[in-house]
Structure formats: C-alpha cells, structure tokens
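Structure, as structure tokens:
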C-alpha cells in the first residue's frame with residue numbers, strides 16, 4: 001500500500017493563469033481534493049479540464065472532520081490535495097488544523113509554492129520589505145484596538161487583509177491610532193483586470209479611495225514607526 005500524503009495546493013488569487021504546472025500535476029494525480037468551497041474549486045478544476053472526487057473542509061466543519069480525514073489518509077494511503085478559495089491554505093484560510101492532525105499521525109505534509117496575496121502587495125508597495133509582520137484579518141470586536149495599538153508601535157512593515165465593506169472603517173482606525181501622516185499602501189484586486197494600488201499618507205489614501213471604487217479584496221500595508 002502506498003504511503004498517504006497531504007499536499008497543500010495554492011490556487012490563483014484572481015488570474016487563473018497563475019496556477020503552477022506543479023499544482024496542475026498534483027490536482028491531476030491526487031486521490032481526493034479537499035476544498036474550502038467545493039463550488040469554487042470545482043470551477044477551477046473545470047477550467048483545467050479535470051474531474052475529481054471533491055469533499056468540503058472549511059472553518060465551520062474542520063474541527064469535526066480533520067481527525068477522520070487524517071485517519072483516512074493514513075489507513076487508505078490517500079494522496080490528498082487541499083485547496084482554499086484563493087491563495088495558500090493556512091494563510092488567513094483554513095488548513096492549520098488539518099496539518100496539525102496529519103503531523104500528529106506522522107503523515108507527510110507538503111505545501112507547494114504559489115499565490116499569496118500579501119507578497120506582491122508588499123513588493124510593489126514601496127515600503128520596507130526586508131522585515132515585516134503579517135496580521136491578516138483583524139478581529140472585528142474583541143482585541144481589535146489592542147492589535148491596532150501594537151501595530152502603531154511596530155517598527156516593521158505591518159500587513160493586513162480587509163474586505164470591501166470594512167476598508168474605509170479600517171483606514172479611519174489607522175488614522176486615529178497611527179496618525180494621518182503614517183505612510184501606507186493599499187492594494188485592491190491583485191492579479192485581476194482592475195488591480196489598483198494606492199500609496200501615500202493615511203489621509204491621502206483615504207481621499208483616493210473615497211473617490212474610487214471600493215469593491216474587491218484589499219491588502220493594507222503600514223510603514224513601521226521610526
């Protein structure tokens with residue numbers, strides 16, 4: 001019997017041409033595809049002209065499923081590919097619990113290199129990229145102010161994710177806690193047709209965004225304090 005494996009497969013964050021040849025090879029040859037959203041992943045597989053057995057694994061069921069999945073991988077010698085909706089599993093996406101369960105069972109775990117939204121946003125921001133801290137999505141309520149205050153005193157570039165409906169509120173909070181002159185960069189719709197970057201002080205970027213479309217997913221970068 002072959003040895004089971006878990007392979008984390010990054011998927012495009014927008015442009016489907018960003019899928020890697022190696023990712024296609026894994027999706028073609030694996031025994032099972034786990035997906036954060038089966039509809040989303042099935043659409044990607046259809047684009048690649050692949051038909052695979054797909055099961056769901058997302059934040060609402062992963063606590064209940066990961067142990068059973070790890071045992072299946074181990075006992076049946078399955079090669080399982082896990083895809084979240086966009087980017088690399090485990091980076092502001094489900095995946096951590098499945099990895100932990102597999103490692104607890106001495107199952108080989110591999111992650112392919114591939115798309116992650118914060119890397120291109122950081123590189124083109126014009127902010128220091130040699131040292132940075134990734135914060136992902138901030139909590140909506142409990143602990144949010146404390147996290148923001150830590151970011152305000154952070155000397156490294158801070159990276160946040162934010163959604164369409166909360167981006168302007170986040171910029172208001174950054175201005176209040178970090179000051180209107182703090183340098184930031186905001187990237188929207190990375191790799192897509194309407195990819196846009198806003199750079200400048202918090203107050204300048206706020207004005208740019210107020211006069212532009214705020215649809216899409218955002219990556220916000222905050223320059224570290226001097």
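The values are calculated or read from the model by the stated rules, or taken from the named source; none is laboratory data. Please read all numbers here as calculations on a predicted model, not as lab measurements. Glycine gets a Cβ as well: all are built from the backbone with ideal geometry, and neighbour counts include every protein chain shown.
Residue-level analysis places residue 62 among those that are out of contact with any strand residue (DSSP E or B) (no Cβ under 9 Å at 6 or more places or on another chain), free of Cβ contacts under 8 Å to residues at least 60 places away in the same chain and crowded, with 16+ Cβ neighbours inside 10 Å. No other residue among 190, 160, 171 is assigned to a loop (DSSP other than H, G, I, E, B), outside the structural domain of residue 80 (by TED's automatic domain parsing) and buried (at least 16 other Cβ atoms within 10 Å of the Cβ) apart from 190. Of all residue pairs spaced 6 or more apart or on separate chains, those with beta-carbon atoms under 7 Å, a first member in the stretch 89-107 that is closer than 13 Å to residue 61 by Cβ and a second member that is at pLDDT below 95 and not in a helix (DSSP H, G or I) are 94/59. Going through (1) modelled with pLDDT under 95; (2) assigned to a loop (DSSP other than H, G, I, E, B) one by one, residue 52 falls short only on (1). The condition (being at positive phi, assigned to a strand (DSSP E or B) and outside the structural domain of residue 13 (by TED's automatic domain parsing)) is satisfied by just one residue among 200, 216: 200.
Please go through the stretch 202-223 and give me each residue that is over 18 Å from the mean Cα position of the chain (by Cα), more than 11 Å from residue 183 (Cα to Cα) and crowded, with 17+ Cβ neighbours inside 10 Å, ordered by number. Hits for the stretch 202-223 are 206, 209.
Among residues of the stretch 1-28 being assigned to a loop (DSSP other than H, G, I, E, B) and under 25 Å from residue 71 (Cβ atoms), the one that is nearest to the chain's Cα centre (by Cα) is 9.
Residues in the stretch 1-54 that are surrounded by fewer than 14 Cβ atoms within 10 Å (Cβ to Cβ), touching a helix residue (DSSP H, G or I) at 6+ places or on another chain (Cβ under 8 Å) and closer than 16 Å to residue 84 by Cβ: 1 in all. When both residues are 6+ apart or on different chains and their Cβ atoms are under 8 Å apart, which pairs have a first residue that lies in the stretch 22-35 and is farther than 18 Å from residue 74 by Cα, and a second that is at pLDDT below 95? Qualifying pairs under 8 Å: 23/114.
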